[in-house]
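Every read-out reported here was derived from the displayed coordinates using simple, explicitly stated rules and does not represent laboratory data. Not measured: the values here are computed from a predicted model. Note that each Cβ is placed from the backbone with ideal geometry, even for glycine, and that neighbours are counted across all protein chains shown.
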Amino acid sequence: MDDLPTRFAAARARRADPARPELAATALAAACCDVLAVDGAVVSVAGRDAWRLPVGASDDAAAVAERWRFTVGQGPGGGDGAAEPLVVDADGLRTRWPALHDQLRRHTPFRSTVTLPLRLLLPGGATGPGVLDLHLHRERPLAPPGPGAAPLDLGPARRVAALVGAGLDATGAGATGATGAGAGEGDGEPDWMDAPTARARQRVWMVISMAQQVLAVERADALALLRATAYVQDRTLEDLAEDVVAGRTPLGSLRG
């Protein structure tokens, strides 16, 4: 008898905090690490302009990895969800996405990734894309993590991705609305749209809009300028956006 769904449900229950429904996707991400041979996981959905909105990370290191992916503007899976599982070892990261490779090595313990697609039920009955990013300390994702340990198997990983998608659908089905930036009370958005990782990304989107107005530039140019500033300062867009909102970094000072 296949016990993967049972083990995943048990891991998710251990990680869940009933008092904080906005962390439902965080529990799902952490459960991925408990049942698969991976070291970090991030659950994202398609957000504004097809950019990813991270709604749950297994731990701080996984959240940092996702933030650097958005900051450098490159990485596996594109912006609106991967069509098929994508396995990327350390050499693949180095040759295809060198900026991301360098930042992951400098700021996280992760050396390889596996990206799997999610198909989510959205408010109103529509479906939308999502992504499950699995991060690994080892340089070859499908290699055993150690002597006598089982390697990551894409078959169970695909099934776990399906369980994550179903879990998001279930936790979002009865939601009455998120309170994050851009979400209005009673707008029907799931509670996990108000997760800390999602709120931080929404703050970046707000700062991009502010930069458009203050600097009189197009949206793409505002994002490029913010990315360049963050990269030069060796910080993520989330860190830069927090300083802008707090008034510590005036947008006018970012002009080239």
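Shown in residue order for region 72-77 are the 3J(HN,Hα) couplings computed by the Karplus curve 6.51 cos²θ - 1.76 cosθ + 1.60 at θ = phi - 60°: 7, x, 8, x, x, x Hz (x for Gly and Pro). Among residues other than A57 with Cβ under 10 Å from its Cβ, the summed charge is -3 (Lys and Arg +1, Asp and Glu -1). Based on the Cβ-Cβ distance of D91 and A149, what FRET efficiency does E = 1/(1 + (r/R0)^6) give at R0 = 30 Å, to the nearest 0.05? The computed FRET efficiency comes out at 0.85. Once the Cα atoms are used to define both axes, helix 219-232 deviates from the longest principal axis of the chain by about 80 degrees. The ranking of S44, S112, S209 from fewest to most other beta carbons within 10 Å of each one's beta carbon is S209, S112, S44.
For the chain, find the longest principal axis of its Cα atoms and tell me its angle to the long axis of helix 237-246, 0 to 90°, nearest 10. Result, in degrees: 50.
Peptides 9-19, 65-75 ranked from most to least packed give 65-75, 9-19, packing being the mean of other C-beta atoms within 10 angstrom over each peptide's residues. Scattering from the chain was approximated by placing one identical point on each alpha carbon and applying the Debye formula without solvent; log10 I(q)/I(0) at 0.08, 0.16 1/Å stands at -0.31, -1.19. Summing +1 for each Lys or Arg and -1 for each Asp or Glu among the other residues whose beta-carbon sits under 14 angstrom from that of P18 gives +1. Computed from Cα atoms, the angle from the helix 4-15 axis to the main principal axis of the chain rounds to 50 degrees. Projecting the Cα positions of A230, P196, Q213 onto the charge dipole of the chain (unit charges on Cβ atoms of Lys, Arg, Asp and Glu, taken about the Cα centre) puts A230 furthest along the positive direction. Would you please classify the overall shape of region 198-240 from the alpha carbon gyration tensor, given that a ≥ b ≥ c denote the square roots of the eigenvalues, rounded means a/c under 1.5, and beyond that prolate means a/b larger than b/c while oblate covers the rest? It is oblate, given that a/c is not under 1.5 and a/b is not larger than b/c. Counting 0.36 nm for each residue step from E139 to V214 and taking away their Cα separation leaves a gain of 22.7 nm.
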